[in-house]
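Visitor: Pasting a structure here, questions to come.
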């Protein structure tokens with residue numbers, strides 16, 4: 001495949017001008033965050049900041065750095081009217097947005113607990129069309145995932161990878177550090193319909209509901225079990241890393257509601273973790289569900305709403321859903 005940069009891909013794809021500009025802005029954020037991660041690692045500066053975010057979680061210093069990068073570049077982009085971050089209590093309106101009518105909803109650094117062990121982390125984002133450039137309220141952002149007009153993530157691992165979709169196809173880029181450009185490495189990605197891997201936080205098994213336990217038991221039963229094949233378990237403790245593996249070779253990721261998370265509705269956040277990942281996976285031929293409902297159909301009730309998720313290869317998600 002001939003070398004194709006992100007900039008060239010955007011031009012050839014003829015996106016709406018704002019979408020192309022948002023993709024380029026997110027790419028610039030990913031490059032800056034990638035550098036910040038490497039600098040912090042070499043300085044041994046990956047510990048916790050002395051702050052608690054709106055989720056009640058201790059913010060890592062690099063969570064704050066990544067969030068500031070997104071806010072700064074988003075405000076300077078000229079194509080955003082509002083932003084919503086995991087790290088902020090409320091919607092952030094962009095001063096001087098002009099005619100801009102899009103919102104960027106993002107998790108600036110997913111899986112930051114992995115920083116202290118040099119594990120993979122990532123950034124997740126969703127783009128919403130608010131339909132207006134002024135008088136924007138939280139209600140305008142509370143859109144079901146099916147209304148997203150774009151989504152993507154950056155994975156900071158051995159290579160920095162950027163994955164983008166507008167819902168029609170999924171394209172993967174890798175950062176060429178010598179030229180500071182993202183270069184296309186895969187286009188029109190398709191998730192295998194079946195696989196023999198599942199990802200779940202097994203330390204929570206005593207708190208699982210019966211359907212979750214039934215599905216995992218069936219996977220662990222191997223060839224003599226109801227699925228007739230042996231599964232491997234994988235768990236990266238960063239949704240971006242687990243979902244990127246599934247995008248590349250299939251499988252199913254579960255973080256369902258359980259006894260400990262039922263009062264909150266689940267663990268992962270609907271707007272800026274679950275919805276963008278569901279858009280990407282479905283655009284690649286996969287599926288996503290709570291176990292009983294398609295995730296992209298759910299009407300959000302708050303900016304930081306949590307929910308249970310089953311996502312990945314279509315056949316594997318259907319197997320899991322059959323237990324619910």
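Visitor: As I understand it, the value is the acute angle between the Cα axis of helix 17-42 and the longest principal axis of the Cα atoms of the chain; what does it come to in degrees, rounded to 10?
Guide: 80 degrees
Visitor: Between residue 8 and residue 297, 0.36 nm times their residue separation minus their Cα-Cα distance comes to what?
Guide: Between residue 8 and residue 297, full extension yields 100.7 nm more.
Visitor: Let me have the relative contact order for the chain, percent, based on Cα pairs under 8 Å that are six or more residues apart.
Guide: 16 percent
Visitor: Dividing the Cα radius of gyration by the Kirkwood radius, what Rg/Rh value follows for the range 223-324?
Guide: Rounded to two decimals, Rg/Rh equals 0.96.
Visitor: Turning to a different aspect of this structure: For P(r) over Cα pairs in 10 Å bins from 0, in percent, the listed values are (1) 6, 22, 26, 20, 12, 6, 4, 2, 1, 1, 0, 0; (2) 6, 27, 36, 24, 7, 1, 0; (3) 7, 30, 39, 21, 3, 0; which was obtained by calculation from the structure presented?
Guide: (2)
Visitor: Could you tell me the largest-minus-smallest coordinate of the C-alpha atoms of the range 207-249 on each of the three principal axes, in descending order and whole angstroms?
Guide: 30, 26, 12
Visitor: Still on this model: What per residue convex hull volume, in Å³, comes out for the range 101-187 when only alpha-carbon positions are used?
Guide: Measuring per residue, one finds 125 Å³ for the Cα hull of the range 101-187.
Visitor: Quick one: what does P(r) look like for the range 53-212 with 5 Å bins over all Cα pairs, in whole %?
Guide: The distribution over the range 53-212 is 1, 7, 13, 16, 19, 17, 14, 7, 3, 1, 0, given as percents.
Visitor: When every alpha-carbon pair in the range 247-303 is counted, what percent end up more than 19 Å apart?
Guide: Summing the P(r) tail past 19 Å for the range 247-303 gives 28 percent.
Visitor: Let me ask you something else. As a test of the formula, what do you get for the chain when each DSSP H run with n ≥ 4 contributes -39,500 (n - 2.57) and the sum is divided by the residue count, at 222 nm and rounded to the nearest 500 deg cm²/dmol?
Guide: It comes out at -9000 deg cm²/dmol, rounded to the nearest 500.
Visitor: A further question follows. Just want to confirm a number: the relative contact order over the range 57-209, from Cα pairs under 8 angstrom separated by 6+ residues, in percent.
Guide: Relative contact order, the range 57-209: 13 percent.
Bear in mind that the values in this text are calculations on the coordinates, not laboratory data. Note that this is a predicted model, so its numbers are computed, not measured.
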